[in-house]
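Notes to accompany the following structure.
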Amino acid sequence: MTPEWTPSSWRGHDIRQQPTWPDPEALAAAARELAAYPPLVAFSEVDALGAALAEAQAGRAFLLQGGDCAESFAEFSPETIRSGHSLIAAMGALVGAASGLPVIRVGRMAGQFAKPRTADMEEKAGVRLPAYRGDIVNGIAFDPAARVPAPERMFRAYSQATATLAHLRELASKAGEPFYTSHEALLLPFEEALVRRDPVSGRFYGASAHFLWIGDRTRFPGSAHVEFARGLANPIGIKCGPSLDADTLLRLLDTLNPARAAGRITLIARMGHEPIAAALPPLLRAVASEGHPVLWACDPMHGNTIKAANGYKTRPMARILAEVRAFFALCPAEGARAGGIHIEMTGRNVTECTGGAAKLTEQDLSDRYHTHCDPRLNAAQAMELAELVADMLRR
Ligand code: PEP
Ligand code: MN
């Protein structure tokens with residue numbers, strides 16, 4: 001029998017990718033205060049997204065999810081929000097026109113602040129400091145004071161998410177379209193503080209965003225992040241990297257969607273342009289043969305990160321496009337449907353990924369490299385990717 005779920009039952013599980021808080025009581029006090037704040041999203045909107053994703057699973061809609069790798073306090077401005085929103089709108093219009101399908105627009109916005117890191121510590125010129133874990137936790141400056149995890153940052157993240165959502169709602173209502181928000185549910189004390197119970201249905205919602213996903217580093221069986229997501233009524237994403245085997249994935253699906261509800265699970269494959277050919281088909285086959293209802297989406301960003309000769313983390317457009325092409329070929333070969341894409345992008349004219357029509361080189365990266373974490377497509381590169389997706393879906 002499955003033990004009872006509560007918003008805090010994750011605390012009894014194996015947890016990774018959390019900061020070491022210098023003052024756990026200050027963290028608990030901040031979480032208690034946040035728990036009294038209003039939800040950021042409405043239960044009915046979360047349910048509407050779940051229903052839309054069920055339509056996408058049935059082949060009657062397509063998921064377009066994108067935004068910053070890490071939102072930051074520094075880049076917060078109406079212009080950042082507007083340009084991100086209009087980029088998703090333009091991509092969605094292109095894909096929608098080509099496919100004849102409704103496009104479900106989901107931003108990595110209004111709450112995408114917490115980051116998993118490869119190493120707990122960062123070392124530069126002999127100085128070792130705690131890694132930057134996103135603006136909701138600590139500061140990006142390589143300086144001892146900035147890197148101390150500070151619970152008050154959660155309030156700033158909450159207020160930035162609130163204002164971003166308000167602005168997104170205004171932009172979406174002008175366009176007459178629903179717009180949804182999403183982020184990795186990584187910082188569990190924050191996410192737990194934002195759980196709200198619907199008094200009518202009795203169901204618990206992660207009220208920090210419409211859609212929450214579990215990262216590739218925290219989706220292992222027995223993980224606190226899986227336990228937390230298990231009890232939420234939200235649609236849940238699972239990042240699927242090359243180290244995920246079919247049996248583990250099936251166990252995760254049984255844990256997270258025992259009722260096999262349509263629209264509940266989106267599997268976001270992020271394999272890399274070469275590993276995808278061998279790594280994705282066994283997962284597609286296992287899920288199909290078990291009959292688990294899922295939406296398959298492609299994240300062509302996270303498996304294609306390289307270090308440029310001049311030290312910048314970058315992603316070549318050719319590899320990103322190659323992974324998308326491979327995804328669209330591999331899914332139908334296993335009887336699955338390529339149902340969405342998940343990308344890191346910004347409406348601002350950055351130089352973070354190489355290639356594309358403008359042929360950005362590694363030398364160009366230093367011009368406008370602003371990301372707080374992973375390299376993003378700029379607007380022109382994102383539209384190029386949307387052209388490819390439109391081609392794949394055209395009929
Ligand atoms: C991300 O989406 O920024 C991320 C860290 O992805 P993944 O969990 O797939 O590595
Ligand atoms: Mn990222």
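What follows is calculated from the coordinates using simple rules that are stated; it is not laboratory data. Only a predicted model underlies this, so the values are computations on that prediction, with no experimental measurement involved. Please note: Cβ atoms are built from the backbone with ideal geometry, for glycine as well, and neighbour counts cover all protein chains shown.
R0 = 30 Å: FRET efficiency of Ala141 with Ala308, Cβ-based, nearest 0.05? Please report the intermediate quantities before stating the final value.
Values: r = 22 Å, r/R0 = 0.75.
Computed FRET efficiency for Ala141 and Ala308 comes out at 0.85.
Return the single residue from Glu191, Glu79, Glu227 with maximal mean-square fluctuation; model: Gaussian network over the chain, springs between Cα atoms under 10 Å.
Glu79
Only four residue types carry charge here, +1 at the Cβ of Lys and Arg and -1 at the Cβ of Asp and Glu. Report the dipole size of region 156-276 about the Cα centre in Debye, rounded to the nearest 20.
280 debye
Mind listing the Cα extents of the chain along all three principal axes, in Å, largest one first?
Reported extents, whole Å, longest axis first: 57, 53, 44.
Using 0.36 nm per residue of separation minus the Cα-Cα distance, give me the extension gain between Asp120 and Ala318 in nm, one decimal.
68.1 nm
Which of the cysteines in the chain are isolated, no other cysteine C-beta under 4.7 Å?
Cys240, Cys298, Cys331, Cys353, each lacking another Cys Cβ under 4.7 Å.
How big is region 214-369 in terms of Cα radius of gyration and Dmax, in angstroms?
Computed over the Cα atoms of region 214-369, radius of gyration and Dmax are 16.9, 52 Å.
Counting only C-alpha contacts under 8 Å and six or more residues apart, can you give the relative contact order of the chain as a whole percent?
21 percent
Okay, helix-only estimate at 222 nm for the chain: each DSSP H run of n ≥ 4 adds -39500 (n - 2.57), divide by all residues, round to 500 deg cm²/dmol; what do you get?
-11500 deg cm²/dmol
For the charge dipole of region 190-251, defined by +1 on Lys and Arg C-beta atoms and -1 on Asp and Glu C-beta atoms about the Cα centroid, which residue among Phe220, Cys240, His210 has the Cα displaced farthest towards the positive pole?
Farthest towards the positive pole: His210.
Given axes a ≥ b ≥ c from the Cα gyration tensor, I'd like to know whether region 15-65 is rounded (a/c under 1.5), prolate (a/b larger than b/c) or oblate.
Values: a/c = 5.28, a/b = 2.16, b/c = 2.44.
In terms of gyration-tensor shape, oblate.
How do 207-214, 379-386, 173-180 rank on mean C-beta neighbours within 10 Å, highest first?
Details: 207-214: 26.4, 379-386: 20.6, 173-180: 14.8.
Listed from highest to lowest mean packing, they are 207-214, 379-386, 173-180.
Report, in cubic angstrom per residue, the convex hull volume of the C-alpha atoms of region 95-205.
Spelled out: Cα convex hull of region 95-205, divided by residues, is 172 Å³.
Quote the relative contact order of region 111-181 in percent (integer), defining contacts as alpha-carbon pairs under 8 Å separated by 6+ residues.
23 percent
Want the number for Val127 to Asp247: 0.36 nm per residue separation, take away the alpha-carbon distance, what's left? Could the numbers behind the result be given before it?
On the way: separation 120, 0.36 × 120 = 43.20 nm, distance 4.22 nm.
Gain on stretching Val127 to Asp247: 39.0 nm.
Compute the convex hull volume of the Cα atoms of region 217-296, divide it by the residue count, and report the result per residue in Å³ as a whole number.
Here the figure is 80 Å³ per residue.
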